[in-house]
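Take a look at the structure below.
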Amino acid sequence: MGMVFLFSITFAQISNRISKVDIDPYRPGDPLSMRVDLIDASNVERVEIAYRSFGRRDFTRNEMQLTASTATVSLPAPTLAPPFLEYYFLIYDHGVSTPETFPQEHPEENPFRFTLQEDTLHSEEIIILSPEQNEHIRNEDVLIAFTVVSTDTLIDKGATKIFLNDGDISRGMVVSDNLFVVKPDNLSISLSNGSHTIRVDLVDKQGKLYRSHMWQFSVSGAVEPIAKRETASRLYATSIQLETRHEDIANQSTPYNRAGITASGNYDQFRLKGRLFVTNEEKSIRQPQNRYFIGVESPWINVGYGDSYPEFPDLIMNGKRVRGLTGNLMLSSFHLDVTKGDILRRIESDTIKTFPRDSLFVEQSRDSTAAYGIYDETSVPERWAKFRYGTFDRNVTVVRPSFGKEGSRLSFTYLKSSDEVSSIRYGIKPQENILFGIDLLLSFDRRNFEITGQAAISATNKDISKATFSDSDIDSIFKDPTYSESDREDIRTVRDILSRFITVNQHLIPLSFKNLSTLAYEGGLTLNYFNNHFKFMYLRRGNSFESFGNPYLRTDVVGFNVFDRLRLVKNRLSLSAGYERLRDNTAENKPATTTSQTVNVSVSYVSPTEFPNVTLGYILAANENKIHNDSLFAIDDRTYRLLVQMSREFTAHARHNASISFSTSTRNDQTLKNLNTRSTMITLSNVSQFKIPLQTTFSITIYLSKFSASGPSGVANSTRFNYTSIYTQAQYRLMEEKLRLSGSVSPTFGDIKRTLIDTGVQYFFLQNLSTLARLSLYFNENTPNSTLW
């Protein structure tokens with residue numbers, strides 16, 4: 001009997017905010033889904049994930065979709081490169097600008113890692129004939145064909161199921177010995193332009209799922225007109241979730257009442273879908289906690305309104321929540337993507353107290369850090385107020401037309417985002433941002449040869465409370481001898497060009513075209529031949545480049561990275577290597593330039609025998625700015641990271657998936673600060689599936705660390721931080737799997753002493769109707785016992 005494991009990660013690093021992270025199994029070419037369970041989400045404003053693929057130095061940051069106490073994200077397939085993914089989380093509380101990270105200590109130098117191990121051994125159970133993984137073909141040429149090569153003692157080939165985009169098409173399956181063929185046209189199925197997914201479910205002799213195999217392909221070409229369809233298919237689905245929960249943490253009681261509804265319906269080529277989530281956590285002083293979306297999809301147009309995370313080139317917008325309108329028009333050789341909505345909701349300023357104008361000096365003397373402004377100018381005497389600044393309503397509009405087909409395209413993107421000055425009474429410097437971008441994809445030979453490139457130029461005004469300045473304003477603000485007449489003429493030229501799109505005053509960046517500090521561009525080459533995947537990219541981002549659609553993008557950087565992965569021994573052996581070199585100071589206005597170099601090497605082996613699967617990885621990261629090491633501004637450090645992981649599936653009274661991993665990170669700081677760090681983590685885990693309906697998980701993790709921090713005298717002090725964490729979990733299914741009992745215990749010993757206990761009972765009245773009761777206990781030493789239920 002086969003198993004599909006969901007990776008529930010129990011971390012050595014302890015967090016009082018995150019209890020569990022679930023990661024779906026990795027499938028090459030598919031996005032990777034991750035879910036984070038928060039212990040206390042009552043004050044969480046948003047959760048972000050920072051991640052990077054093998055061979056990269058910089059982390060990409062995405063905002064996760066926060067629903068109740070769960071944050072989810074789907075990482076795009078192009079950003080996932082075996083052998084592993086490195087990541088950490090950032091948690092922002094309401095009213096706090098600095099996030100809490102997980103792991104807490106040096107997350108960029110010691111992130112979590114998830115092995116992106118291709119299931120090469122099990123993929124040999126079927127041989128894909130057509131369409132191949134990521135192949136681009138025309139609608140009329142779609143023919144699904146594959147052979148099953150597993151032994152007849154395990155697989156019931158006659159019970160094999162084939163799904164196209166989650167729709168069962170097994171009724172059209174033609175079987176000849178080990179060959180399976182389905183022609184969608186024979187089932188009156190006409191596929192829309194774009195990506196589609198095939199799933200093959202292999203069933204064992206007992207009628208239970210043995211293993212699933214999935215791959216994707218893309219369709220281009222005209223879609224069959226609706227008028228030619230003889231019958232219209234109707235399908236609908238709904239899901240309702242209700243939750244009431246009460247948390248007692250450190251003698252603070254917090255109730256949660258939540259409801260979620262999702263619904264979808266299909267009629268012929270059209271699909272209506274919607275979702276709604278409401279919670280008692282919705283407050284006017286926070287960004288939206290309620291979520292909603294309703295949309296219509298068809299082969300040629302998609303339109304929706306509500307909360308979404310639209311995808312554009314990452315220089316423009318990536319991972320940013322938008323509440324508003326989204327739309328996609330998809331014709332044969334022309335696509336149009338449009339987004340218009342809010343990325344920040346107005347939060348009114350908070351008036352602390354009011355007082356007459358005569359008391360202003362006294363109030364400012366008492367609290368010089370507070371904000372003050374006119375409250376009522378009509379009163380006598382005039383009244384002033386002491387207040388906290390609010391948040392402006394910030395809107396965004398993105399338009400992206402694309403031209404091309406058969407895997408190659410040319411696209412242009414325009415983004416404008418601005419704060420609504422009148423949305424609140426008191427705010428700090430309303431801003432405005434525009435971008436013009438272009439991106440190109442040239443794809444040849446079934447996407448085995450690709451050339452990519454994108455470029456964007458931005459303009460940002462840091463204070464639009466004042467209007468665009470006139471010629472006299474320019475002459476009075478930009479005076480001699482600091483500015484020459486030539487400089488003032490350049491500023492007038494910039495104003496004449498940009499004032500059609502953005503407010504132009506002394507707060508605009510850039511005010512001159514001499515140094516294109518707001519220009520960003522990158523280009524890449526990808527080759528995939530002879531079991532060898534090669535990728536090269538060159539990038540440059542100016543120090544003043546900015547996009548409100550992707551505020552996480554690193555700027556002031558130029559350099560390149562190269563990556564190569566070679567697959568040998570029937571794809572069981574993978575050799576990977578990467579090198580990246582980046583530097584800052586693109587405007588050459590800093591006293592020194594910092595150069596960063598990263599070297600990655602890894603070896604992965606998937607064993608067809610009883611020998612375990614093995615992954616070895618080594619990373620060297622160096623940063624240096626050439627300033628003498630006895631200076632406090634000097635940067636000269638080396639970080640060495642080593643990863644060893646072994647795993648194996650075997651049978652011993654049950655089906656087991658056992659693994660052991662070892663990782664160590666050492667940072668040597670050669671400067672006067674001497675901020676050295678060292679950490680080691682060892683994890684052993686085993687997931688067991690018994691013949692009875694019982695599944696268990698056991699893991700033990702040992703974490704050892706030593707790091708240095710600057711003391712009051714400037715001398716580094718060394719600190720050790722060590723602990724051991726154990727995690728045990730079991731789930732038992734009764735009454736023909738209608739009743740599910742689960743429980744887990746996770747004690748932690750050492751410098752942190754904590755015990756987590758979780759129990760749950762779920763009963764399914766119907767296949768899609770169930771109720772769940774859950775009790776969670778968190779015991780922390782030297783703090784009051786906490787109960788969540």
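The values are calculated or read from the model by the stated rules, or taken from the named source; none is laboratory data. This is a predicted model, so every value here is computed, not measured. FYI the Cβ positions are ideal-geometry reconstructions off the backbone, even for glycines, and counts take in every protein chain you see. Please note that ligands, DNA and RNA were not included when accessible areas were found on the heavy atoms of the full protein model with its side chains. Shrake-Rupley method; radii C 1.70, N 1.55, O 1.52, S 1.80 Å.
Points worth noting:
- Going through (1) over 25 Å from Tyr256 (Cβ atoms); (2) open to solvent by 70 Å² or more (accessible area, probe 1.4 Å) one by one, Glu297 falls short only on (2).
- For the range 705-712, the condition holds for at least one residue, the condition being that it is in contact (Cβ under 8 Å) with a residue 40 or more places away in the chain and either closer than 30 Å to Glu624 by Cβ or open to solvent by less than 50 Å² (accessible area, probe 1.4 Å) (or both).
- When Phe765, Phe779 are screened for being within 20 Å of Tyr703 (Cβ to Cβ), at pLDDT 80 or above, in a strand (DSSP E or B) and more than 30 Å from the chain's Cα centre (by Cα), only Phe779 passes.
Residue-wise test of (1) open to solvent by 20 Å² or more (accessible area, probe 1.4 Å); (2) under 28 Å from the mean Cα position of the chain (by Cα).
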{"residue": "Glu420", "(1), (2)": "yes, no"}
{"residue": "Leu441", "(1), (2)": "no, yes"}
{"residue": "Arg447", "(1), (2)": "yes, yes"}
{"residue": "Ile451", "(1), (2)": "yes, yes"}
{"residue": "Ser458", "(1), (2)": "no, yes"}
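- Candidate set from the range 361-394 (those that are in contact with a Pro (Cβ under 8 Å, 6 or more places away or on another chain) and among the charged types (D, E, K, R)); member that is surrounded by the most Cβ atoms within 10 Å (Cβ to Cβ): Arg383
- Yes/no for Leu187 being farther than 18 Å from Val148 by Cα, at pLDDT 75 or above, open to solvent by less than 40 Å² (accessible area, probe 1.4 Å) and more than 34 Å from the chain's Cα centre (by Cα): yes
- Residues in the range 565-576 that are open to solvent by less than 50 Å² (accessible area, probe 1.4 Å) and in a strand (DSSP E or B): Arg565, Arg567, Leu573, Ser574, Ser576.
- Leading residue by the ranking (surrounded by the fewest Cβ atoms within 10 Å (Cβ to Cβ)) among those in the range 541-558 that are touching a Leu at 6+ places or on another chain (Cβ under 8 Å) and more than 18 Å from Ala459 (Cβ to Cβ): Val558
- Among the residues of the range 268-314, those that are in a strand (DSSP E or B) and touching a Leu at 6+ places or on another chain (Cβ under 7 Å) comprise Tyr292, Val296, Ile301, Tyr305.
- Inclusion of Ile619 among residues that are outside any loop (DSSP other than H, G, I, E, B) and not aromatic (Phe, Trp, Tyr) is warranted.
- Residue that is farthest from Phe545 (Cα to Cα) [pool: residues in the range 476-505 that are without any contact (Cβ under 8 Å) to a residue 60 or more places away in the chain, assigned to a loop (DSSP other than H, G, I, E, B) and open to solvent by less than 70 Å² (accessible area, probe 1.4 Å)]: Ser484
- Against the numbered list (1) within 30 Å of Ser190 (Cβ to Cβ); (2) surrounded by fewer than 17 Cβ atoms within 10 Å (Cβ to Cβ), Asp358 comes up short only at (1).
- Residue within the range 552-561 that is among the small types (Gly, Ala, Ser), in a strand (DSSP E or B) and in contact with a Gly (Cβ under 6 Å, 6 or more places away or on another chain) present: no
- Taking every residue in the range 54-75 that is closer than 15 Å to Arg258 by Cβ and open to solvent by 10 Å² or more (accessible area, probe 1.4 Å) and pairing it with any residue that is at pLDDT below 75 and aliphatic (A, V, I, L, M), at least 6 positions away or on another chain, the pairs with Cβ-Cβ distances below 9 Å are Leu66/Ala41; Ala68/Ala41; Ser69/Ile39; Ser69/Ala41; Thr70/Ala41.
- Scanning the range 641-671 for residues being polar (S, T, N, Q), assigned to a strand (DSSP E or B), modelled with pLDDT under 90 and over 17 Å from Leu85 (Cβ atoms) gives a total of 2.
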